[in-house]
1. Can you run phi through the Karplus equation (6.51, -1.76, 1.60; θ = phi - 60°) for the stretch A:256-272 and list ³J(HN,Hα) in whole Hz, with x for Gly and Pro?
2. Which cross-chain or sequence-distant (5 or more) residues have an amide H under 5 Å from the amide H of B:I41, H modelled 1.01 Å from N in plane?
3. Taking each residue in A:170-181, count the Cβ atoms of any other chain within 10 Å of its Cβ, then average. What number comes out?
4. Over chain A, what is the relative contact order in whole percent, taking alpha-carbon pairs under 8 Å and six or more residues apart?
5. Using the Karplus curve 6.51 cos²θ - 1.76 cosθ + 1.60 with θ = phi - 60°, what ³J(HN,Hα) values do you get for each residue of the stretch A:80-87, in whole Hz, with x for Gly and Pro?
6. Beta carbons within 10 angstrom, averaged per residue: use that to sort the peptides B:41-49, A:6-14, B:130-138, highest first.
7. Based on C-alpha coordinates, I'd like the Rg and Dmax of the protein assembly as shown, in Å.
8. If the convex hull of the alpha-carbon atoms of chain A is projected onto planes in all directions, what is the mean projected area in square nanometres?
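No value in this document is a laboratory result; all are computed from the given coordinates. Values in this document were obtained by computation on a predicted structure and should not be read as measured data. Methodologically, a virtual Cβ is constructed for each residue, glycine included, from the backbone with ideal geometry; neighbour enumeration extends over all protein chains shown.
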Amino acid sequence: MNLVVSAIGQGLLWALLGLGLYLTFRILDFCDMTVEGTFPLGAATAVTAITNGVSPLLATLLAVVAGMIAGLITGLLYTKGKIPSLLAGILTMTAIYSVNLRIMGKSNISLLGQPTLFNGALRDLPQYFDSVTLGFIVVVIITILMVLFLDTDYGQAFIATGDNPTMAKSLGIHTDKMVIVGLMISNGMVGLCGALIAQNNGYADINMGIGTIVIALASIIIGEVAFGELTLNQRLVAVTLGSIIYRIILLAVLQLGFSANDLNLISSIVLAICMMIPQFEQRLNIKKPILKGVRPHE
Amino acid sequence: MNKPILELKNVQTLVNKGTANETMILKGINLQINPGDFITIVGTNGAGKSTLFNVIGGNLRADNGQILHNGKDITRTSEEDRTSFLARVFQDPKLGTAPRMTVAENMLLATKRGEHRHLVLRKLKQNMDRFTKLAATMNNGLENRMTTATGALSGGQRQALSFLIATLKRPDILLLDEHTAALDPHTSLNLLHATNERITKDHLTALMITHHLEDALTYGNRLIVLKDGQIKADFAGAEKQALTVDKLYQYFED
């Protein structure tokens, strides 16, 4: 039971990563590798700030700002520098590695004995309920903000930019600006996720970003596979549910006797299987509604 | 004499600039477009028709010459900023609509063409009646698919929607780049009729590229023949009325 509660808590916290990537990967149609650097950047910023006496809340906000700056850099490389999206993200991600080492001064910082968002007001909750509570609150707030944003004139122009840039431009939408704003919001959320995970784990590590893009994609794709055809707002909720399902799958795999060292291998296998489901569907001609959401991207 | 709404003065464009393959595509275009003009444009492949539209639309910069909108120099104005007075329908139905957004959502985007978009809630429901009525004017059942993602529409419906999107907020200049060429004959004719009706009724100023000489003669009050990057002929009014397909065809031979 404890393990399942822990998995739900982890799923909620990590959902922010999936929600952030949803904006770029699904809506802007931009495969943003920056997140592999932004996630540990958020962690490094928050943890370093906290160990230097900054309040956990302010430290977390600093992590969001740091993430947004990373997104801005990738956005500028892509729009002004005309560097292909994948490479622009990889360049920023690689550069951030050094920045993270500069911020932390060493490759690992512990939060032992330091205040965090989890040992403040949430201190008296039973084990793992702190991450469930905080994760739930943050995910609900972020999801509501995203729904509202996408329902504004600005948000609609943002969606159109990803859907058909030629058309968006012909309607006077400044698509470059939209891409930059999207990358900033997305990476701000990833920075937030990194800050929360680091505080939950009790440390920041220089290598904690490895595999994060796969984890984010897994939440998105599992959500789509599990819930099929949905409206945009429902899809955002599905990302969070997908993130929780993914954690439960990992839990099950660990129970089978795999070790935590195998996690990246398992993550990749889970994602690969989910992404191949449409192929199986065609070959075997299964038409379960459960498979509807994973048609290859247009 | 009306003041021209758009004027091109000796507009030239180059490709492969600074290399041995440097070629001039538009070789000094001079054109005055008056309010209410409906100009059909014909010419061989490579004559520069699409380049002319790109230069007017702003996604290609003129290397020489000037473009004036109501007397104001817009030669260096960006493509996005020109959309405040200019709208465009492309040949490919896929280019004019956002596939994952619904018909109504696409139309809502078009109501703000060339305007700043703010963080205020969109007003989709309040506009639904108006959009449905507009869609019905296309006579192809588009009004019954208002909440369908445009990716699921037929090419004809999608292109009709592209046309609606371009004209929803009245443009000073409407560019139609062979916008019916990708459609079957019947659908194409239907859209051409709707296009003509809308342009005539609303006194829109429009330029239409076409490869069908009959269409070029039937529609519009002016006809321009582009050849080798230059305007070879410019027929207006009675002169255009007297023109025949045979006479027009002579411009394509040499």
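1. For the stretch A:256-272, the Karplus curve yields 6, x, 6, 9, 4, 5, 8, 4, 5, 4, 5, 3, 5, 5, 4, 5, 4 Hz.
2. B:M208, B:I209, B:T210, B:I224
3. Partner-chain Cβ atoms within 10 Å, mean over residues of A:170-181: 6.
4. Details: 503 pairs, mean separation 97.9, N = 298.
Relative contact order comes out at 33 percent.
5. Working through the residues one at a time gives 7, x, 6, 8, x, 4, 4, 5 Hz.
6. Details: B:41-49: 19.9, A:6-14: 23.4, B:130-138: 16.6.
Sorting B:41-49, A:6-14, B:130-138 by mean packing, highest first, produces A:6-14, B:41-49, B:130-138.
7. Calculated on Cα positions, Rg and Dmax stand at 28.0, 93 Å.
8. On the way: hull surface 64.5 nm².
Answer in nm², one decimal: 16.1.
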